[in-house]
Every structure is written in C-alpha cells, then in structure tokens.
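Before any comments, here is the structure.
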Amino acid sequence: MADPPRRNIDATTLRGLAHPLRVQLYDALVTYGPATATMLAGRFGESTGSTSYHLRQLAKHGFVEEDPFRGAGRERYWRAYPGGAQLDGYELTDGGSGEAARLVVGELHRTQSARLEHWLAAGYLHVPREWGRASVDTTAHLRLRAGELAELGAELTAVLDAWRERVRDRDADPEAGTRIVEVQLHTFPVAAEDVP
C-alpha cells in the first residue's frame, strides 16, 4: 500500500512546525522512525513534558501521528505522517510566514548538514568497508533551463519514491544487514555572479 500524498504546508500548518525543537523532533521521526516522547527527550536533552507538548502540537498540525502498530497503555509511540510534507517558500512570503519558513528550512538543513558532516569527518570508520564503498559523494554541474531543472527534480524524486516504496516495510537492523541510509540531493541554480 502506497503512502498517502505529501501534505502541502500552508501558513497555518507552518506555525505548528516553526519551532527549532519541533523541527528536530519531526526530522528525527522522519529519519529514524517511530519513537516515544521519552526516547526523543533523551536524544535532545529535553524533558519528557517538553517533547510531549511539542509532539502534540506537531500532531495538531498534521506532521506526526500516533503509531497504531507500536506501544501499549501509557507508552505512546509517534511517527511522522507517512506521506511526508512539502513547503513552497514562494507561497509563504506574506507576514510572518516567510520568516517561519526560513526558520523551518534552515533548521532542517542544519540537521541534514550535521549528519553529512559527521559522515565525512569519521562516520565511514564506524561501518564495514562495504557500506563505506557503497556510499556516493558526487557533484554535477549542468546548464539547464528552469523547466529542465523541474524535470530533473521530478525524475530524481520519482527514483527516491520508488525506492521508498520498495523498502517501506523494513526496519533498520544491522543484524539483518539493513541500516538507515540518508540520501541528500540538492538541485539549485548557481548564483549569477558565480557563472563564467
């Protein structure tokens, strides 16, 4: 069964995410999978009360939900909304929405960059050689039109979506030979002053 469609983040739902800890909680659930407020509190050095409050706010705005397959009684597991979310910064330029969008995108990029920096600094030393050799660090510079850039982005996203569907029911389990693998893909036009 495929994930539901991605949710578009509008000015109202953006307010539910525009807090550094909420972005970190959401990112952790997307990256590492379901967790309890207590588990997340330990990860981020916060109180369980704080993480519980922020998880409820994320749920209120549709970013996370209770995981119906985990937890019992008072042990409540949370998971990121299965379809994911997307934000169009150009739609959120009025009032405080633009600043909130910059906060969210900036915080997400900081967490992604931190994971990449950790890998580049020494992460490869902590995995078997086959995992290190299977990783990719590549850059390409293409001369594209705006429509071609959009087409490239759609094709790359389709590849990632196909792989996401292919492995959707797997848990990260080193004993079974699986790990969480992060794919960071950046496509953007280079600033005009950088173009020869």
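For the range 142-162, the condition of being within 24 Å of Val23 (Cα to Cα), touching a residue at least 60 places away in the same chain (Cβ under 8 Å) and surrounded by 12 or more Cβ atoms within 10 Å (Cβ to Cβ) holds for none of the residues. Contact map, the range 101-119: first residue of a type in the set (Val, Ile, Thr), second residue part of a helix (DSSP H, G or I), Cβ cut-off under 8 Å, separation 6 or more or different chains; pairs are Val104/Leu14; Val104/Leu17; Val104/Val23; Val105/Gly89; Thr111/Val23; Thr111/Gln24; Thr111/Asp27.
Take the conditions (1) under 25 Å from Gly84 (Cα atoms); (2) not assigned by TED's automatic domain parsing to the domain that holds Tyr26; Pro174 misses just one of them, which is (1). Just one of the numbered conditions (1) more than 23 Å from Ala172 (Cβ to Cβ); (2) loosely packed, with under 14 Cβ neighbours inside 10 Å; (3) not aliphatic (A, V, I, L, M) is not true of Gly62: (2). Return yes when Leu152 is modelled with pLDDT of 90 or more and not in a loop (DSSP other than H, G, I, E, B) and no when it is not. Taking the combined requirement at face value, the residue satisfies it. For the range 177-184, does any single residue satisfy the condition of being under 29 Å from Val23 (Cα atoms) and either modelled with pLDDT under 85 or part of a helix (DSSP H, G or I) (or both)? Checking the range 177-184: not a single residue is under 29 Å from Val23 (Cα atoms) and either modelled with pLDDT under 85 or part of a helix (DSSP H, G or I) (or both). Filtering the range 5-31 to residues that are within 16 Å of Thr51 (Cα to Cα), modelled with pLDDT under 90 and of a type outside the set (A, V, I, L, M) leaves only Gly16. Which residues, counting only those in the range 135-182, are of a type in the set (Lys, Arg) and touching a Phe, Trp or Tyr at 6+ places or on another chain (Cβ under 8 Å)? Of everything in the range 135-182, just one residue is of a type in the set (Lys, Arg) and touching a Phe, Trp or Tyr at 6+ places or on another chain (Cβ under 8 Å), namely Arg179. Report yes if Asp169 is charged (D, E, K, R), in the same structural domain as Leu185 (by TED's automatic domain parsing), exposed (fewer than 15 other Cβ atoms within 10 Å of the Cβ) and closer than 20 Å to Arg6 by Cα, otherwise no. So Asp169 fits the description; yes. Scanning the range 108-141 for residues that are surrounded by 12 or more Cβ atoms within 10 Å (Cβ to Cβ) and of a type in the set (Gly, Ala, Ser) returns Gly123, Gly132, Ser135.
The values are calculated or read from the model by the stated rules, or taken from the named source; none is laboratory data. Keep in mind that this is a model prediction, so the values were computed, not measured. A quick note on method: Cβ atoms are made from the backbone with ideal geometry, for glycine too, and the neighbour counts reach across all protein chains shown.
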